[in-house]
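Please treat every number below as a calculation from the coordinates, not as lab data. Keep in mind that this is a model prediction, so the values were computed, not measured. Here Cβ is always computed from backbone atoms with ideal geometry, including for glycine, and neighbour counts include all displayed protein chains.
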Amino acid sequence: MKTKPILCPQRLRHVPRQFSWIDQRLVRDRHIKGRSPQALALYLFLCTVADAQGASYYSDTRTAEMLDFESGDLRAARRELLDAGLVAFRSPFYQVLSLDPEKADVRESVQERVGEERSLGEILRSMMEAP
């Protein structure tokens with residue numbers, strides 16, 4: 001393994017007191033491949049604000065404001081992350097899901113459950129947006 005130089009030792013990262021992490025398998029296992037910049041920004045945001053179980057509850061309005069998204073951008077990014085099995089969502093709650101390969105088969109049941117718990121308004125809006 002190559003030794004990497006420390007380019008700026010005075011700004012060396014340390015694990016912060018609060019909980020937050022990005023799993024390296026996101027890149028190593030190519031979960032980011034093919035994801036839109038908006039979906040990746042939402043994923044980063046959710047990882048940053050989530051608790052140890054991956055749960056967070058920012059409203060759509062606040063999340064879109066923090067990410068400088070239009071409401072349609074947020075819905076599309078969320079759908080992309082749901083379809084990829086990276087998050088679960090039931091308004092206003094998100095859960096960043098484990099990237100463990102043995103848990104990948106759970107993805108479909110989580111998506112089905114999430115789909116059943118969407119409001120009628122969300123279902124109609126998604127139908128209107130479909131090509």
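Note on residue 17 and residue 70: with the Förster distance fixed at 35 Å, the Cβ-Cβ geometry gives a FRET efficiency of about 0.50. Sorted ascending by nearby beta carbons within 10 Å, beginning with the fewest, 87, 27 become 27, 87. Note on residue 60 and residue 8: with the Förster distance fixed at 35 Å, the Cβ-Cβ geometry gives a FRET efficiency of about 0.40.
Of the residues 61, 3, the one with the fewest other Cβ atoms within 10 Å heads the list, and the complete ranking is 3, 61.
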